[in-house]
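Written out below as structure tokens is the structure these notes cover.
The values are calculated or read from the model by the stated rules, or taken from the named source; none is laboratory data. This structure is a prediction, so every number in the text was calculated from the model and none was measured. Reconstructed Cβ throughout: ideal geometry from the backbone, glycine too, with neighbour counts over all protein chains shown. Accessible surface areas use protein heavy atoms only, side chains included; no ligands, DNA or RNA. Shrake-Rupley method; radii C 1.70, N 1.55, O 1.52, S 1.80 Å.
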Amino acid sequence: MAEAEEQETESLEESTDESEEESEEEPKLKYERLSNGVTEILQKDAASCMTVHDKFLALGTHYGKVYLLDVQGNITQKFDVSPVKINQISLDESGEHMGVCSEDGKLQVFGLYSGEEFHETFDCPIKIVAVHPQFVRSSCKQFVTGGKKLLLFERTWMNRWKSSVLHEGEGNIRSVKWRGHLIAWANNMGVKIFDITSKQRITNVPRDDISLRPDMYPCSLCWKDAVTLIIGWGTSIKICSVKERHASEMRDLPSRYVEIVSQFETEFYISGLAPLCDQLVVLSYVKEVSEKTEREYCARPRLDIIQPLPETCEEISSDALTVRGFQENECRDYHLEYSEGESLFYVVSPRDVVVAKERDQDDHIDWLLEKKKYEEALMAAEISHRNIKRHKILEIGLAYVNHLVERGEYDMAARKCQKILGKNASLWEYEVYKFKEIGQLKAISPYLPRGDPVLKPLIYEMILHEFLESDYEGFATLIREWPGDLYNNSVIVQAVRDHLKKDSQNKTLLKTLAELYTYDKNYGNALEIYLTLRHKDVFQLIHKHNLFSSIKDKIVLLMDFDSEKAVDMLLDNEDKISIKKVVEELEDRPELQHVYLHKLFKRDHHKGQRYHEKQISLYAEYDRPNLLPFLRDSTHCPLEKALEICQQRNFVEETVYLLSRMGNSRSALKMIMEELHDVDKAIEFAKEQDDGELWEDLILYSIDKPPFITGLLNNIGTHVDPILLIHRIKEGMEIPNLRDSLVKILQDYNLQILLREGCKKILVADSLSLLKKMHRTQMKGVLVDEENICESCLSPILPTDAAKPFSVVVFHCRHMFHKECLPMPSLNAPAQYCNICSAKNRGPGSAILEMKK
């Protein structure tokens, strides 16, 4: 039995798969057969109708049985209603009352959990029954039933039932749906809607295709909500909206009317309808023509999801269902029932009940995995990790990695490991070994965790050995990027040294070995390799690890590599490597010694004073342009030694400077004139020295040299009287530009006169201004109080008894005296002066105030 069910389930899945294969779009619904008790029932009987409640199902059969089932299909209760076919079952919203009608005219409405019951037998088959949705309430004890006419039953007082005819004369009533206060039913002519509150029929929607037999192609009705009715008949679907009529339009018309908001045709015959949000689920009966026999046959029914539009529809999904016995079924044999609360759709046929459900996130992931869309499946699982039940993110991720590896996308697979494996060290190690087996350790190396988690050292060593055997640059990159504590450093050092035995000059390996030595704090070996390679990081290594004690005998190597950086480092760390030590180390390399001492002198003119004598020769040999600035700035340079060296090398400018600094200005001037023949420089030198004898020597030297005379005439005017030079010029001597020089002398003289007059005016104006200011100041009063003292007797200037007469003299210099303490003025000097200021030669001050009382 179980095997049979499994085979049937597989066949159902195969049927839906066929439609999926036609399109890459994901199906919207998933299907499974309603088994358990249903299977047992349908093996001996056939389903004729079914109704669905949120809590249970009610199934009617051709043998007049009604079964109550749970949602898994297990039988919970059985009713023997009639010996013939059950035509319809109706439940109220509470699920406590049920109405049943059968082909032999029997009608029953009873309570499932109470003794309430209504029985009636009619003389014709009863095709439909519908109980009031709120039948559980005493005010709503109503139901409708129909065969050739539609009857409304209502319970009156004393529990009696009263019937009334709502409609008749248009053939059998074949379908009815009750929602709220509205009842919709279909007969041979069309669909009617009745308002139970106003007792009025509010519309008639005629049947489109009257060629179809209504008993073979019955009408399908369903209420989407309290005012929206969906009608499916033949191949036509209409969506009707019940609306309130405006009071001004009422007259004798019903208070409500119906507007068809959408109407369209479908490809197949409609066997059932159900709403799904703003879409429709349509069960279709399909007939196809055989290619071989050209005869029409019954194909598998289809369950479609469509999006209604005003005049057409858009197909969202379409699935063909392999239900049992579909070859013998007709359109009237299929029914579509649905549970509004859970979006479950039941496809009912005589031999089968198939449940369609909206696919959840697990189903979506299943489909993605089946289509090998692993990345989308992983993303979907991460987004909905709280809702998925059958899938785990890690399992999907591992399947994705395996899929990428199978396709040869090793780098992508390794990159995804970072996200998928996360901090699971054991899974990381497992994946690394898998990559090793396929020879792709290099692919996963950039993505290995380096902090949290940390894998076993063997894992990192295994990858480093892989690179060391085939890719020195990649090996060096990993050593730079990976922290040194990830692996056993001594093992890797030994492996590198073994490779260097084969290729001892390989710079990449040597540099990497130096880095390994650095990780191992073996800085001496690392420094030696860096210096051998002349690597730029050598200075950083020295600074970072304070290796100054290790470089005392390697100063020449550092200077040869980069003298600028080396000198800066040595000068910045004088306390660790003394100046004396550096100079001694560079003794055999005077050009490097000069670079070091020159920069030392630039930083501090006094620190290297003991080497200034040595620096004279070094500057003369390697850097003459800086010799003269050095001689000018140094106060510790031996001038005689410097003069000797400059004279030996015939350095005229330096010799001139030294001679002038040693006081031998006349020799210096002579050298400028005889060696440099530069009158402008000679004049400039004479100006700097400001010595009359030098000017005399310059005139004597220049008197027989016309170009020199011109230079003197142009520049001598402001320092020496030009007449002294002009008188000594020999008659008849041709002097270039003499006229211009004389004009310049006159102009310079006029300029001096103007300057003197201008200065005189400024001086007089300033003197007058200051005199006025002094006068204003002296005219101001001076405060005298008990805190002031007499500068002569040092007693308070004011008497303690203010009633006694007193006399005080106050000078403009603010010194104060008792009048009796000052000497009496004489006839020769009648003015009085401040004794203190006169004694200090600060200038006399005349008495400005004499106070008497």
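Residues of the range 602-617 that are at pLDDT below 85 and open to solvent by less than 10 Å² (accessible area, probe 1.4 Å): G608, Q615, I616. Within the range 122-149, the set of residues being in contact with an Asp or Glu (Cβ under 8 Å, 6 or more places away or on another chain) and either open to solvent by 60 Å² or more (accessible area, probe 1.4 Å) or farther than 25 Å from A47 by Cβ (or both) comprises H132, Q134, V136, K141, Q142, K148, K149.
Is it fair to say I306 is surrounded by 13 or more Cβ atoms within 10 Å (Cβ to Cβ) and more than 49 Å from the chain's Cα centre (by Cα)?
So I306 does not fit the description; no.
When A184, A130 are checked against the criterion of being within 60 Å of the chain's Cα centre (by Cα), at pLDDT 90 or above, among the aliphatic types (A, V, I, L, M) and in a strand (DSSP E or B), A184 stands alone in meeting it.
Considering the range 241-256, and only residues there that are surrounded by 12 or more Cβ atoms within 10 Å (Cβ to Cβ) and without any contact (Cβ under 8 Å) to a residue 40 or more places away in the chain, the residue that is farthest from the chain's Cα centre (by Cα) turns out to be R245. Counting only strands (runs of 3 or more DSSP E) that fall entirely inside the range 65-111 and contain at least 2 residues that are open to solvent by 40 Å² or more (accessible area, probe 1.4 Å), the qualifying elements are 75-80. At pLDDT 90 or above, of a type in the set (A, V, I, L, M, F, W, C) and within 60 Å of the chain's Cα centre (by Cα), is that true of L91? So L91 fits the description; yes.
Considering (1) surrounded by fewer than 16 Cβ atoms within 10 Å (Cβ to Cβ); (2) within 17 Å of K456 (Cα to Cα), the lone condition that F435 does not fulfil carries the number (1). Would you confirm whether any residue within the range 372-382 is out of contact with any helix residue (DSSP H, G or I) (no Cβ under 8 Å at 6 or more places or on another chain) and surrounded by fewer than 19 Cβ atoms within 10 Å (Cβ to Cβ)? Looking through the range 372-382, at least one residue is out of contact with any helix residue (DSSP H, G or I) (no Cβ under 8 Å at 6 or more places or on another chain) and surrounded by fewer than 19 Cβ atoms within 10 Å (Cβ to Cβ). Taking the criterion of being exposed (fewer than 15 other Cβ atoms within 10 Å of the Cβ), among the β-branched types (V, I, T), in contact (Cβ under 8 Å) with a residue 40 or more places away in the chain and part of a loop (DSSP other than H, G, I, E, B), would at least one residue in the range 796-817 satisfy it? No: zero hits. The condition (being modelled with pLDDT of 85 or more, among the polar types (S, T, N, Q) and either assigned to a loop (DSSP other than H, G, I, E, B) or under 25 Å from A668 (Cα atoms) (or both)) is satisfied by just one residue among N626, N650: N626.
Considered as a group, the residues in the range 198-211 that are assigned to a loop (DSSP other than H, G, I, E, B) and in contact (Cβ under 8 Å) with a residue 24 or more places away in the chain include one that is surrounded by the most Cβ atoms within 10 Å (Cβ to Cβ), and that residue is R207. Restricting attention to the range 51-64 and to residues that are in a strand (DSSP E or B) and open to solvent by less than 10 Å² (accessible area, probe 1.4 Å), the residue that is farthest from G146 (Cα to Cα) turns out to be L57.
Is the range 327-340 home to any residue that is in a strand (DSSP E or B), open to solvent by 30 Å² or more (accessible area, probe 1.4 Å) and more than 22 Å from D209 (Cβ to Cβ)? Yes, the conditions are met somewhere in the range 327-340.
Looking for something in contact with a Gly (Cβ under 8 Å, 6 or more places away or on another chain), surrounded by 15 or more Cβ atoms within 10 Å (Cβ to Cβ), among the polar types (S, T, N, Q) and closer than 30 Å to F326 by Cβ - is there at least one such residue anywhere in the range 218-239? Yes, because at least one residue in the range 218-239 is in contact with a Gly (Cβ under 8 Å, 6 or more places away or on another chain), surrounded by 15 or more Cβ atoms within 10 Å (Cβ to Cβ), among the polar types (S, T, N, Q) and closer than 30 Å to F326 by Cβ.
Listed by first and then second residue, the pairs linking a residue in the range 136-154 that is within 16 Å of V100 (Cβ to Cβ) to a residue that is open to solvent by 60 Å² or more (accessible area, probe 1.4 Å), with Cβ atoms under 8 Å apart and 6 or more places separating them unless they lie on different chains, are L151/S163; L151/V165; F153/W161; F153/K162; F153/S163.
Looking only at residues in the range 169-180 that are part of a loop (DSSP other than H, G, I, E, B) and touching a residue at least 40 places away in the same chain (Cβ under 8 Å), the one that is most open to solvent (accessible area, probe 1.4 Å) is R174. Selection of the range 349-408 for residues being in contact (Cβ under 8 Å) with a residue 24 or more places away in the chain and part of a loop (DSSP other than H, G, I, E, B) yields P350, R351, R359, D360, K371, K372, N387, I388, K389, R390, H391. Summed over the range 182-197, residues that are open to solvent by 10 Å² or more (accessible area, probe 1.4 Å) and either within 20 Å of E337 (Cα to Cα) or without any contact (Cβ under 8 Å) to a residue 24 or more places away in the chain (or both) total 2. Being among the hydroxyl-bearing types (S, T, Y) and in contact with a Lys or Arg (Cβ under 9 Å, 6 or more places away or on another chain) is a description that applies to S470. Filtering the range 466-490 to residues that are open to solvent by less than 60 Å² (accessible area, probe 1.4 Å) and either outside any helix (DSSP H, G or I) or more than 17 Å from I444 (Cα to Cα) (or both) leaves D471, W482, P483, G484, Y487, N489.
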